[in-house]
1. What list of ³J(HN,Hα) values in whole Hz, one per residue of segment 151-163 in order, does the Karplus curve 6.51 cos²θ - 1.76 cosθ + 1.60 (θ = phi - 60°) give from phi, with Gly and Pro shown as x?
2. In nm, to one decimal, how far is the Asp38 label point from the Ser249 one, both placed 7 Å along Cα→Cβ?
3. Per-residue HN-Hα couplings for segment 195-205, Karplus 6.51 cos²θ - 1.76 cosθ + 1.60 at θ = phi - 60°, whole Hz, x for Gly and Pro?
4. Quick check: at a probe of 1.4 Å, how many percent of the accessible area of segment 204-251 sits on carbon and sulfur atoms?
5. Taking the Cβ of Leu192 as the center, what net charge do the other residues with Cβ under 12 Å away carry, scoring Lys and Arg +1 and Asp and Glu -1?
6. With r as the distance between the Cβ atoms of Asn157 and Asp216 and R0 = 25 Å, compute the FRET efficiency 1/(1 + (r/R0)^6) and round to 0.05.
7. Each label point is 7 Å from the Cα along the Cα-to-Cβ direction; what then is the distance between the points at Ser6 and Val173, in nm?
8. Which cross-chain or sequence-distant (5 or more) residues have an amide H under 5 Å from the amide H of Lys65, H modelled 1.01 Å from N in plane?
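The values are calculated or read from the model by the stated rules, or taken from the named source; none is laboratory data. Since the model is a prediction, treat every value here as computed from it, not as a measurement. Reconstructed Cβ throughout: ideal geometry from the backbone, glycine too, with neighbour counts over all protein chains shown. Quick note on the areas: whole protein, heavy atoms, side chains included, nothing else; ligands and nucleic acids left out. Shrake-Rupley method; radii C 1.70, N 1.55, O 1.52, S 1.80 Å.
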Amino acid sequence: MVQLKSNADIEAMRPACRVAADTLVMIEAYIKPGITTDRINTLVHEYTLDHGGIPAPLNYRGFPKSVCTSLNHVVCHGIPDKKVLKEGDLINVDVTTIIDGWHGDTSKTFFVGTPKVRAQKLTEVAREALQIGIDVVKPGATLGDIGYAIQTFVEKNRFSVVREYCGHGIGRVFHEDPQVVHFGNPGEGMALKEGMVFTIEPMVNAGKAAVKLLNDGWTVVTRDRSLSAQFEHTLTVRKDGAEILTLPSQG
Ligand code: MF3
Ligand code: CO
Ligand code: CO
């Protein structure tokens, strides 16, 4: 069941969404060859606490860290560890912040140094895929319209969209209805309504769409070991379109 948010609820979500977005701005300066994903975890954890937040991933269904760090062929839910970033890597940092019980969820894929042209292209397609999905959002459009717009754009670029993981409603609960899949057909699925709050977060693979869950129970990788990139925003449906909630406080 989809929980519509009141304007007061949306106002209450802003701090969590803003701090999540600001965390990504903060972390960008540290994304350099030589840093470990554990260091990224510590920086995100401390920044979140310093800004009055709680990192939602920590202990969420047993997740052991405060942020997801997904490197190269890792699709999502990578667990920070001793791994050192190296020149040419792609890394997605996925931040979810809780403030006053409300969640804000956003992620970006960063370049470590200068990745190969194909990796850069994949990243740009993932970034644009998110924006193309957001552009579809308005009352009366359907979830299938969003998925269709994203899927057709990605496949036109000869990349593929992950099927097993999706965007989601969000509020006092980290993952709630609806499920926002990143593929589909126009007119199918639930119609959007003012006051819905959900994420769009397409995972785009350079090779085939198939994924595999590693034995740690969290890390999702591409089956063919091809690169994967992802961007995510939390947004709300307004009369005239989407309002992105996970924008940083500066520019
Ligand atoms: N932030 C992820 C999402 O976009 C979920 C991470 S769950 C965790 O939905 F436990 F791995 F943190
Ligand atoms: Co999410
Ligand atoms: Co996320």
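1. 4, 5, 5, 5, 6, 4, 8, 6, 10, 10, 9, 5, 9
2. Label at Asp38, label at Ser249, 3.1 nm between them.
3. Those phi angles translate into x, 6, 10, 8, 9, 10, 7, x, 9, 10, 9 Hz.
4. Carbon-and-sulfur percentage of accessible area, whole number: 49.
5. That sum, taken over residues with Cβ under 12 Å, equals +2.
6. 0.20
7. Each label point lies 7 Å from its Cα, and together they span 2.0 nm.
8. Sorted by chain and number, the residues that satisfy this are Asn59.
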